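Notes follow once the structure below has been shown.
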2 protein chains.
Amino acid sequence: MTDLLSKPVRVINVGIEEFDANIRASGGVSQHVQWRPPAPIAAATLRKLMETETARNEANQEALQRLQRAKPVLTGMGVALDTIPGMAKNLFLHAGPPITWDHMCGPMRGAMIGAVLYEGLADTPEAAEEQLASGAYRFAPCHEHATVGPMAGVVSASMPVFIVENQADGNRAYCTQNEGLGKVLRYGAYSDEVVKRLKWMEEVMYPALQKALQASGGIDLKNLIAQALHMGDEVHNRNRAGTSLFLRAITPWLVRTATDLETAASVIDFINGNDHFFLNLSMPACKASLDAARNVEGSSMLVCMARNGTDFGIQLSGTGNAWFTGPALVPDALFFAGYTKDDANPDIGDSAITETAGLGGFAIAAAPAIVQFVGGSAGDAMNYTLEMYEIAVGENGVFQIPALDFRGTPTGIDAVQVVRKGIVPFIDTGVAHKDAGVGQVGAGVVSAPMDPFIKAVEGLA
Amino acid sequence: MTDLLSKPVRVINVGIEEFDANIRASGGVSQHVQWRPPAPIAAATLRKLMETETARNEANQEALQRLQRAKPVLTGMGVALDTIPGMAKNLFLHAGPPITWDHMCGPMRGAMIGAVLYEGLADTPEAAEEQLASGAYRFAPCHEHATVGPMAGVVSASMPVFIVENQADGNRAYCTQNEGLGKVLRYGAYSDEVVKRLKWMEEVMYPALQKALQASGGIDLKNLIAQALHMGDEVHNRNRAGTSLFLRAITPWLVRTATDLETAASVIDFINGNDHFFLNLSMPACKASLDAARNVEGSSMLVCMARNGTDFGIQLSGTGNAWFTGPALVPDALFFAGYTKDDANPDIGDSAITETAGLGGFAIAAAPAIVQFVGGSAGDAMNYTLEMYEIAVGENGVFQIPALDFRGTPTGIDAVQVVRKGIVPFIDTGVAHKDAGVGQVGAGVVSAPMDPFIKAVEGLA
């Protein structure tokens with residue numbers, strides 16, 4: 001022992017990174033090994049998990065296979081009321097797990113106010129808020145209506161939605177048209193400008209895109225996503241390539257079916273001005289793919305990971321419609337000028353459906369630009385993706401990472417591995433102001449909380 | 001010595017890789033170090049190079065600065081005869097250094113025959129060939145007329161050309177519209193289908209694009225190239241992102257200025273169907289930038305690297321209009337079904353202007369897909385780019401490699417470093433069939449020959 005300490009100490013540090021940093025700071029040599037203890041779960045649950053391991057692995061392979069064989073195609077559009085199953089005039093869909101008005105965060109309340117104004121059900125934000133608080137309307141998660149919505153994810157009866165059909169299994173998913181960045185409904189803004197834009201999207205963009213899509217015969221979203229991953233997107237926080245490829249696919253049809261040249265040009269301008277347009281196509285593509293993987297008995301694979309700005313909720317293939325939730329965390333982000341983390345709402349939106357399908361944060365090695373804007377390097381992006389293989393059921397057969405020699409992305413999150421290894425999913429995200437009416441204040445990354453995974457694994461056991 | 005060989009031998013192998021491979025094959029342990037001897041140059045030249053080192057480095061920094069400050073903007077289009085300086089009805093421009101009919105390779109002869117037919121100067125390929133062989137027309141390198149052309153690079157009087165203005169220094173460069181892949185003029189094909197397509201490009205696409213460009217006020221190509229590098233292109237052999245971004249930039253103007261919806265749609269369809277369309281914009285962008293770096297006294301920085309399918313030629317900033325040439329090599333390539341390296345013509349085209357400006361093979365770490373199709377890995381792509389820093393004057397201030405943490409691409413090739421370090425430029429390229437009339441047979445990579453660099457350095461000294 002004396003002999004050991006007489007020479008310079010060389011340390012292998014396992015677990016807590018601060019120890020490693022201190023050794024280095026005092027001039028020592030230390031090699032850090034990332035390790036976290038497994039999450040605390042009951043002995044009975046652990047025993048059950050070990051007993052069912054073989055069956056669960058088989059069930060997960062079945063769920064993964066359904067996810068992998070999915071063929072999401074954008075086949076058309078329709079108005080929410082006529083298109084989304086169970087939609088009603090007094091029903092407002094929202095992102096994440098179920099929530100009441102009392103518990104809704106600022107940006108979700110703001111988006112609800114905006115949607116009531118957009119539907120013409122109230123004349124002022126104050127009147128809209130009073131109606132919403134009085135119980136005049138019903139609320140339900142998008143996810144329970146085959147729908148997904150980014151950020152607040154509010155969908156009301158008159159909104160046009162994309163229809164994405166999983167042509168392998170025949171199920172469908174729905175999503176509204178992306179409004180752009182800044183002061184927009186999904187970030188909780190509800191000013192006249194927001195409502196006016198939504199009206200233009202309903203009255204001009206929707207009819208033009210619908211006709212173009214009908215003429216096109218459908219657009220293969222799986223193919224576009226695969227290409228976008230080769231072009232620097234992870235199709236959650238970066239959608240420049242996806243938006244470009246979608247424009248290439250739709251523009252000839254848009255031009256050929258337009259009522260006039262100016263209408264076609266104005267729709268192209270709108271999509272052109274919004275590099276996130278494709279997000280509202282990548283999300284329902286993932287939703288349609290994952291819904292086909294639901295209800296495999298005994299499977300611990302996630303079919304949904306969604307946040308309402310208050311709670312973070314997940315659903316497993318093997319636990320039916322049950323939600324497992326925990327408090328949502330505040331993202332690390334690059335904030336717009338004048339805003340800080342104090343202004344940020346906790347994590348919100350259904351967009352984590354992309355991570356659930358092996359994209360977004362799981363494919364971030366394909367999009368190092370995202371990590372760069374929160375101060376990370378291309379190497380960090382690579383490491384985030386590599387770590388996600390630890391909790392994935394398999395590797396994607398179609399979505400690849402060029403920088404990892406075109407290895408398939410880590411696909412299908414196994415809740416049991418999350419709990420066992422203490423590794424939670426890594427998620428890209430936009431950041432909304434915590435108050436209603438403000439809008440987006442930044443973009444960044446966040447880790448899922450562990451709580452919902454522990455509950456889900458106990459629920460499955 | 002006896003003692004050394006009594007234990008297992010561990011080798012550090014410097015230089016020839018075959019030795020390393022043999023040691024490993026016999027079960028030995030060997031670490032290979034890449035090293036090549038400097039190219040053989042005369043003692044007097046070496047002395048002169050050493051004496052002028054400081055002045056040369058200053059001159060190279062001046063040339064690099066002019067290249068870096070260039071702001072190439074696509075400002076419009078015109079017909080070659082009215083637009084390219086010194087163009088004439090009986091003049092046919094071609095890729096690479098000067099060459100006579102006798103020495104032209106198959107694909108260049110094929111493209112010349114096609115251009116004569118396209119101009120209506122002959123009725124049959126046989127008649128065209130007879131005219132060409134009889135000295136009825138003049139030939140000159142594109143590069144000597146502020147023009148660049150991919151592959152055979154043949155430009156004749158009636159062809160429409162893009163006009164790219166370097167708004168930093170006011171000089172211009174020109175390039176024809178890209179025809180697509182397969183049986184096309186630039187790969188030496190000259191069938192009716194080829195000539196008919198060129199006529200459509202002149203009569204339908206050119207007027208539509210010209211009007212759109214005028215209305216747009218110009219398109220900043222430096223910006224598009226910088227974005228394309230973040231999206232998996234190196235803008236030589238991969239131009240999918242560049243083509244997508246160009247379409248996004250031009251489509252709204254194209255639609256607004258079109259005579260009718262069908263004309264607009266047909267032009268969008270054509271560009272949409274050809275992921276190499278942007279090559280004919282990245283090339284003149286590089287040409288306009290490099291022409292501004294010409295004639296810096298004493299500079300050993302390349303301002304041109306071009307091949308005519310027979311010879312590989314370079315020009316230095318400090319040696320005026322002199323060409324230094326050597327035989328062109330045959331590329332390593334992925335060949336289309338039914339073709340092999342035996343069918344391949346030696347390296348051809350002005351497209352190595354992209355490498356000369358710090359793009360193409362020099363930026364291949366941004367586009368690992370290209371290396372993959374010749375059997376390489378993403379790591380190989382990274383290593384090719386890293387090696388090019390050894391012979392570059394500097395690093396680009398705008399063009400970045402995401403996978404190298406957004407490091408600027410190696411920019412400005414120093415002929416002296418090429419000769420000193422024995423490292424030749426790495427070039428991406430398409431491959432033409434060696435016979436006239438066939439067309440493209442593959443795509444791949446090639447190294448520049450050393451000969452022209454030795455001659456250039458001796459010429460400079």
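The values are calculated or read from the model by the stated rules, or taken from the named source; none is laboratory data. Note that the structure is predicted; figures quoted are calculated from it, not measured. For neighbour counting, all protein chains shown are included, and Cβ atoms are generated from backbone atoms with ideal geometry for every residue, glycine included.
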Open item on the list: B:E179 - would you say it is over 20 Å from the mean Cα position of the chain (by Cα) and under 25 Å from B:D347 (Cβ atoms)?
Closed with: no
Task: Within region B:344-382, tally of residues that are at pLDDT below 95, outside any loop (DSSP other than H, G, I, E, B) and not aliphatic (A, V, I, L, M) - done: 4
Open item on the list: Please count how many residues of region A:420-455 are at pLDDT 95 or above, part of a helix (DSSP H, G or I) and touching a helix residue (DSSP H, G or I) at 6+ places or on another chain (Cβ under 8 Å).
Closed with: 2
- [ ] Only one of these is aromatic (F, W, Y) and within 11 Å of chain B (Cβ to nearest Cβ): A:F270, A:F312, A:F278. Name it.
- [x] A:F270
Open item on the list: Exactly one of these conditions fails for B:G349: (1) at negative phi; (2) crowded, with 24+ Cβ neighbours inside 10 Å. Give me its number.
Closed with: (1)
Open item on the list: Can you find, within region A:394-415, the residue that is nearest to A:G459 (Cα to Cα) among those that are more than 12 Å from every other protein chain (Cβ to nearest Cβ), surrounded by fewer than 24 Cβ atoms within 10 Å (Cβ to Cβ) and in contact (Cβ under 8 Å) with a residue 60 or more places away in the chain?
Closed with: A:G394
- [ ] Take region B:235-257 and flag every residue that is more than 8 Å from every other protein chain (Cβ to nearest Cβ) and touching an Asp or Glu at 6+ places or on another chain (Cβ under 9 Å).
- [x] B:H236, B:N237, B:R238, B:N239, B:G242, B:T243, B:A249
- [ ] Six or more apart or on different chains, Cβ under 9 Å: which pairs go from a residue in region B:39-67 that's closer than 16 Å to B:L302 by Cα and of a type in the set (K, R) to one that's at pLDDT 90 or above and not in a loop (DSSP other than H, G, I, E, B)? Could you list them?
- [x] B:R56/B:L49; B:R56/B:G318; B:R56/B:D414; B:R56/B:V416; B:R56/B:L460; B:R66/B:S289; B:R66/B:L290; B:R66/B:S317
Open item on the list: Taking the conditions exactly as written (of a type in the set (A, V, I, L, M), in contact with a Lys or Arg (Cβ under 8 Å, 6 or more places away or on another chain) and over 30 Å from A:A173 (Cα atoms)), does A:L49 satisfy them or not?
Closed with: yes
- [ ] Quick one: which residue in B:L247, B:L279 is within 17 Å of A:A265 (Cα to Cα), hydrophobic (A, V, I, L, M, F, W, C) and in the same structural domain as B:G182 (by TED's automatic domain parsing)?
- [x] B:L247
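For every residue, the table says whether it meets (1) assigned to a helix (DSSP H, G or I); (2) surrounded by fewer than 17 Cβ atoms within 10 Å (Cβ to Cβ); (3) within 14 Å of another protein chain (Cβ to nearest Cβ).
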site	(1), (2), (3)
B:I163	no, no, no
B:C175	no, no, no
B:V195	yes, no, no
B:K211	yes, no, yes
B:L224	yes, no, yes
B:D233	no, no, yes
Open item on the list: Looking only at residues that are touching a residue at least 24 places away in the same chain (Cβ under 8 Å) and crowded, with 24+ Cβ neighbours inside 10 Å in region B:246-270, which one is farthest from the chain's Cα centre (by Cα)?
Closed with: B:A264
Task: Failed criterion for B:A136 (all others in (1) within 22 Å of the chain's Cα centre (by Cα); (2) surrounded by fewer than 19 Cβ atoms within 10 Å (Cβ to Cβ) hold) - done: (1)
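Here are some residues: B:K222, B:K211. Which one is among the basic types (K, R) and under 23 Å from B:A80 (Cβ atoms)?
B:K211
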Open item on the list: Please go through region A:144-179 and give me each residue that is within 22 Å of A:N308 (Cα to Cα) and charged (D, E, K, R), ordered by number.
Closed with: A:E144, A:E179
Open item on the list: For region A:92-121, which positions are among the aliphatic types (A, V, I, L, M), closer than 20 Å to A:V438 by Cβ and without any contact (Cβ under 8 Å) to a residue 60 or more places away in the chain?
Closed with: A:M112, A:V116
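Rundown of residues vs (1) closer than 26 Å to A:R407 by Cα; (2) out of contact with any strand residue (DSSP E or B) (no Cβ under 8 Å at 6 or more places or on another chain), yes/no style:
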site	(1), (2)
B:G379	yes, yes
B:Y384	yes, no
B:G397	no, no
B:I401	yes, no
B:T411	no, no
B:P425	no, no
B:F453	no, no
B:V457	no, yes
Task: region B:60-76 - residue that is within 14 Å of B:I413 (Cβ to Cβ) and in contact with a helix residue (DSSP H, G or I) (Cβ under 7 Å, 6 or more places away or on another chain) and, of those, surrounded by the most Cβ atoms within 10 Å (Cβ to Cβ) - done: B:A63
Open item on the list: Of all residues being out of contact with any helix residue (DSSP H, G or I) (no Cβ under 9 Å at 6 or more places or on another chain) and touching a residue at least 40 places away in the same chain (Cβ under 8 Å) in region B:329-372, which is nearest to the other protein chains (Cβ to nearest Cβ)? Just the residue, please.
Closed with: B:L334
- [ ] Select, from A:T54, A:T100, A:T83, the only residue that is among the hydroxyl-bearing types (S, T, Y), modelled with pLDDT of 95 or more and closer than 30 Å to A:I219 by Cβ.
- [x] A:T83
